Amino acid sequence: MNILDIIAKKRDSLELTKEEIEYFVKEYTNGNIPDYQASALIMAIYLNGMNSREIKDLTLVMAYSGDVLDLSQFGPNVVDKHSTGGVGDKVSLILLPTIASLGIPVAKMSGRGLGFTGGTVDKLESIPGYKTNINIDEFIQNVKKVGISMIGQTMNLAPADKKIYALRDAISCVENIPLIASSIMSKKIASGANKIVIDVTVGNGAFMKNKEDAQKLAEQIIEIGELAGKEVRCVLTPMDEPLGNAVGNSLEVIEAINFLKGDMPKDLKEVVLELGANMIQLAGVGNNIEENKEMMLEKIQNGDAFNKFKEMVQNQGGDVSYLDDIKKFKKSKYTVSVATKKTGIVKEINAEEIGKLACYLGSGRQRKEDKIEPEVGIVLNKKVGDFVEESDFLAYICANDENKAREAVNKILEIYKIEK
Ligand code: URA
């Protein structure tokens, strides 16, 4: 088989065979196909698509590119959750410890930032000492010991996705149903949970900009789940403005900690409770969605959810003194407030634009090998629907570069649409 023929086939909108997909995934993962050829094929898939059979083949080959965990020792209901991506999406950091505090085992493998969206692994790594790259035995031991483990893809789980994911991020090939469905489901299959809730975000801050596309992605994900013997439920959630207030890695961890201590922004609370209530239902712990939400709120209010988060962080080497005292998190060199000159109602805060701005400040990557700056980002002080008067602060910019901070102030003034 020859990679040039495979690229040419997809370039010409032809269907790839299972063997061709297998060849590409294996050889690229092993380092035998260079990034430039892989980029050409990924771009051809992005432009010309894949049918359902090709997507399923791609998913399974990526899932089985490394180890595939068997978590049946934890009973018939090990739950997992994944988001198709968003801006200010710190849901996993809040939701999963809350679910684990209910005694439901959680084994979660997350990704890094992708495109203009953030990634849970980058967020977790902004807690000093937290190890996202533990080995499989430790991952399983952690679930056994504290009921939850959240890790990255550094161990041998879906290594093909790890490589392709980073490549897509660096070549602007993210917003694509075959690539997103296979990426997410390969990780979910490899990491072993059998009940999975997928948060399919919709809106300008999501990869799916409208409901029809989100629905198509959801259907594809569910089909793959059925093929792999997993019970998958997709919940469509809005992503037009950033979720909650913070955008940027340690800023979002701080917001998650505050949430777990009871300070819950309305939009974030709705998403956390909706996804969680579905996870609880899938786990067979509660059948009534509204009652499940109450169960979660009780766990947050009585401190159990926060304590579970602390337990998980400590167990994975993180310094929990940061969770008790958020002032310990490293601060950016500059914090600049953005004051409006207008009076009126905030009509729009384009989440994609905010996400791109946060990346520009250093919270995301322009190239695969870029290091992120955990402390930079944006904290929104006003959200859609809020009334603002002249000189009210719309947002705060956290930056390590003075010029970038200045540029960001002007950009925020452009992004906020305020009408009388
Ligand atoms: N999350 C993933 O894991 N992969 C994608 O492609 C998008 C979101």
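The values are calculated or read from the model by the stated rules, or taken from the named source; none is laboratory data. For clarity, every value in this text was computed on a predicted model and none was experimentally measured. In this analysis, Cβ positions are derived from the backbone assuming ideal geometry, glycine residues included, and neighbour counts consider all displayed protein chains. These area figures cover heavy atoms from the full protein model, side chains too; ligands, DNA and RNA do not enter into them. Shrake-Rupley method; radii C 1.70, N 1.55, O 1.52, S 1.80 Å.
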Using +1 on the beta carbon of Lys and Arg, -1 on that of Asp and Glu, and nothing else charged, what's the dipole of segment 151-232 about the Cα centre, debye to 20? 260
If one computes the Cα centroid of segment 2-75 and of segment 164-216, what distance in Å separates the two points? 15
Where nothing but the Cβ of Lys and Arg (+1) and of Asp and Glu (-1) is charged, how large is the charge dipole of the chain around its Cα centre, in debye to the nearest 20? 560
On each of the three principal axes the extent of the alpha-carbon atoms of segment 314-420, given in whole Å and largest first, is 51, 34, 22
Nearest-20 debye value, segment 3-49 charge dipole, Cβ charges on Lys, Arg, Asp, Glu: 100
Any idea which of Ala351, Leu413, Val379 is furthest toward the positive side of the dipole for segment 351-420, if Lys and Arg beta-carbons carry +1 and Asp and Glu beta-carbons -1? Ala351
Checked segment 125-276 with the C-alpha gyration tensor, a ≥ b ≥ c its square-rooted eigenvalues, rounded below a/c of 1.5, otherwise prolate if a/b is larger than b/c and oblate if not; verdict rounded
J(HN,Hα) series, segment 73-90, from Karplus relation 6.51 cos²θ - 1.76 cosθ + 1.60, nearest Hz, glycine and proline x: 4, 8, x, x, 10, 9, 9, 8, 8, 8, 10, 7, x, x, 10, x, 8, 10
Counting only protein heavy atoms, what percent of the accessible surface of the chain is carbon or sulfur at a 1.4 Å probe? 47
Stokes-Einstein D for the chain at 25 °C, 0.890 mPa s, Kirkwood Rh over Cα pairs, in µm²/s? 113
Could you pull out every residue, at least 5 positions away or on a different chain, whose amide H is within less than 5 Å of the one on Thr201? Hs are placed 1.01 Å off N in the peptide plane, and Pro or chain starts have none. Thr84, Gly85, Thr237
In whole angstrom, the spacing between the Cα centers of segment 232-281 and segment 337-408 equals 19
With every protein chain kept in place and ligands, DNA and RNA left out, what is the accessible area per residue of segment 331-419? Probe 1.4 Å, answer in Å². 52
Taking a probe of 1.4 Å, how large is the accessible area per residue of segment 1-80, in Å²? 48
Give a residue-ordered list of calculated ³J(HN,Hα) values for segment 352-359 (Karplus: 6.51 cos²θ - 1.76 cosθ + 1.60, θ = phi - 60°; whole Hz; x for Gly, Pro). 5, 5, 5, x, 5, 5, 4, 4
P(r), alpha carbons of segment 73-137 - 5 Å bins starting at zero, rounded %: 3, 15, 24, 24, 20, 9, 3, 0
Write down the Å³ per residue value for the convex hull defined by the alpha carbon atoms of segment 1-110. 139
Can you work out the Karplus-derived ³J(HN,Hα) for every residue in segment 258-269? Use 6.51 cos²θ - 1.76 cosθ + 1.60 with θ = phi - 60°, whole Hz, and x for glycine or proline. 4, 4, 5, 8, x, 9, 10, x, 4, 5, 5, 4
What ratio of Cα Rg to 2.2 N^0.38 Å holds for segment 332-384? 1.35
To the nearest 500 deg cm²/dmol, what mean residue ellipticity at 222 nm is calculated for the chain from DSSP H runs of n ≥ 4 alone, each contributing -39,500 (n - 2.57), summed and divided by the residues? -14500 deg cm²/dmol
Rel. contact order, % - alpha carbon contacts under 8 angstrom, at least six apart, segment 283-420: 30
